[in-house]
Every structure is written in structure tokens, then in C-alpha cells.
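Notes to accompany the following structure.
No value in this document is a laboratory result; all are computed from the given coordinates. Just so it is clear, the model here is predicted, and its values are computed rather than measured. Virtual Cβ from ideal backbone geometry, glycine too; neighbours counted across all protein chains shown.
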Amino acid sequence: MVDIHETPAVPPFDPQGDERLGFFIAGGLLILLGWGIGVGANVLLHALAPSGGFAVLGVYIGPTWGEYAWASAILGALAGAMGVVLLALGRSSPRGPIVLPGGEY
């Protein structure tokens, strides 16, 4: 005789996938977007701006840094740092097979 209350209705699903893949993708994207665009493009645009400035898609970019430029650079630096942390977590996690969600393994 089987006690119905002790057996799950659906067997537990263990995908046994490689969680490191998500860490690597997320970390790389955060580094690219944060340090590449948030900091790198920001510094480059302000360095190349003439003394009168110019507009890109309605946003004025001058040779001096305003509040938006500082906020963008700080958020970009923090995003890149979080990307480095995610890459470190990915390297320290145990390796597993790469499995697509819902796929047979």
C-alpha cells in the first residue's frame, strides 16, 4: 500500500544542465554593456565632442560631463563589476552538460 500524501503528483525535474553557461552569458553581456557602452562610449563621445557640442538622437553631448554622463559612467562601471562577479561565479561552479530547457538528456 502506498501513502498518497508522501508521493509527489509529478516527479521532481532535475535538468542536470550547466548553470555556468548562464553565468558566462550574463557576465559577458554586463561587461560589454557596462564597460563598453556605459563607460567606453560615454568617454569617447565626450572626448570627441567639439567645443560647441553636438546632438545624437536629440541628446546633447558636450565636451564637459553633465549629470547624465556621470550617472551613465557610474552605472556602467557597476554593471561591469557585477559582470566580473558573475564570471567568477561561473568559473567556481561545478561543470555540467549543456542542456536546453525541456530537452532530453
Long-range amide H partners of Ile61 with built H, under 5 Å: Phe54, Ala55, Val56
Whole-Hz ³J(HN,Hα) from phi, Karplus 6.51 cos²θ - 1.76 cosθ + 1.60, for the stretch 81-87, glycine and proline x: 5, 5, x, 5, 5, 5, 5
The stretch 50-57 - phi-based ³J(HN,Hα) in whole Hz, Karplus 6.51/-1.76/1.60, Gly and Pro as x: x, 4, x, x, 8, 10, 10, 6
Length released on extending from Leu45 to Ala77, taking residue separation times 0.36 nm less the Cα-Cα span: 9.9 nm
Neighbour cut-off at most 16 other Cβ (10 Å), DSSP loop, chymotrypsin sites (Phe, Trp or Tyr not before Pro), the stretch 29-84: Trp65
